[in-house]
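Worksheet for the structure shown next.
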Amino acid sequence: MKQIQTLFSWLVALSIPFFLMMTSIRLLLSPLFLQIEYQMPYFPPDPYGFTQQDRLKWGRLSMEYLLNNQGIDFLSDLRLPDGNKLFNERELGHMIDVKNLVQAMIRGWLILTAFLMGTGIWFWKSERIRDFWISVRTGSYITILSLILILIGVALSFYQLFTVFHLIFFEGDTWLFEFSDTLIRLFPLVFWRDAFVLMGVLTISGAAGLIILSGKLIKLHDLQKG
């Protein structure tokens, strides 16, 4: 039993970085982030005519598609004021891939949440809750180190980091588009740079919060046992 609990302690520690990053990404998948990002003074205007309100409208619908249970018709039926389709076939294909990735991430996030809660309850009932919080603290330190490395990568060459990310999660060049395509007009590179940075900041903040919380709970446990 002790060996099994030791294994689960390490699993908790290694799960924390993924849990915190997924939590941050889920928070960014909201209209609030779009609204804030599009209002940034440095956000580039669309050279092909989208206003800020146009971007907010179409961006919200694009994000809604990623989170709902509807098919690609949700996007393929969208029309611009001139009657043309909002997205071309290549863009629609990519959005299917992105939705599959997002939906898989959300399922993984829910599984990790259930795992961490279940393991915490198990350790508590086994009177080893201190070990659980030590694992949470360890995982939080791992998270901070990992995110610092990612943010350094963003600072040095975000485009290369962005490219590597797409090569890992998408096949071939299905994620490359023309500057005149809707996806680029709604979500230019600066959008993704800011998303990566904010994800890092939120994740590091969450990890710092867990370090403080776990430290206090460990001290409280020691005082009660002492």
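Overview of results
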quantity: So Phe18, is it closer than 30 Å to Leu210 by Cβ and modelled with pLDDT of 95 or more; calculated: yes
quantity: Residue in the stretch 1-39 that is most open to solvent (accessible area, probe 1.4 Å), counting only those that are farther than 13 Å from Ala195 by Cβ and among the hydroxyl-bearing types (Ser, Thr, Tyr); calculated: Thr6
quantity: Top-ranked residue in the stretch 79-109 [being touching a Ser or Thr at 6+ places or on another chain (Cβ under 9 Å) and not in a helix (DSSP H, G or I); ranked as surrounded by the fewest Cβ atoms within 10 Å (Cβ to Cβ)]; calculated: Leu80
quantity: Within the stretch 1-51, considering residues that are assigned to a loop (DSSP other than H, G, I, E, B) and under 17 Å from the mean Cα position of the chain (by Cα), the one farthest from Gly108 (Cα to Cα); calculated: Ser30
quantity: Sole exception among (1) surrounded by 13 or more Cβ atoms within 10 Å (Cβ to Cβ); (2) closer than 30 Å to Met1 by Cβ; (3) without any contact (Cβ under 8 Å) to a residue 40 or more places away in the chain for Phe165, by number; calculated: (2)
quantity: The stretch 168-203, residues that are charged (D, E, K, R), open to solvent by less than 80 Å² (accessible area, probe 1.4 Å) and in a loop (DSSP other than H, G, I, E, B); calculated: Asp181
quantity: Residue in the stretch 117-128 that is over 21 Å from the mean Cα position of the chain (by Cα), of a type in the set (Val, Ile, Thr) and crowded, with 18+ Cβ neighbours inside 10 Å present; calculated: yes
quantity: Some residue of the stretch 137-155 being assigned to a helix (DSSP H, G or I), over 16 Å from Trp10 (Cβ atoms) and in contact with a Phe, Trp or Tyr (Cβ under 7 Å, 6 or more places away or on another chain); calculated: yes
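The values are calculated or read from the model by the stated rules, or taken from the named source; none is laboratory data. Here the structure is a predicted model, which is why all the values come from computation and not from measurement. Please note: Cβ atoms are built from the backbone with ideal geometry, for glycine as well, and neighbour counts cover all protein chains shown. Ligands, DNA and RNA are excluded from the accessible area calculation, which covers all protein heavy atoms including side chains. Shrake-Rupley method; radii C 1.70, N 1.55, O 1.52, S 1.80 Å.
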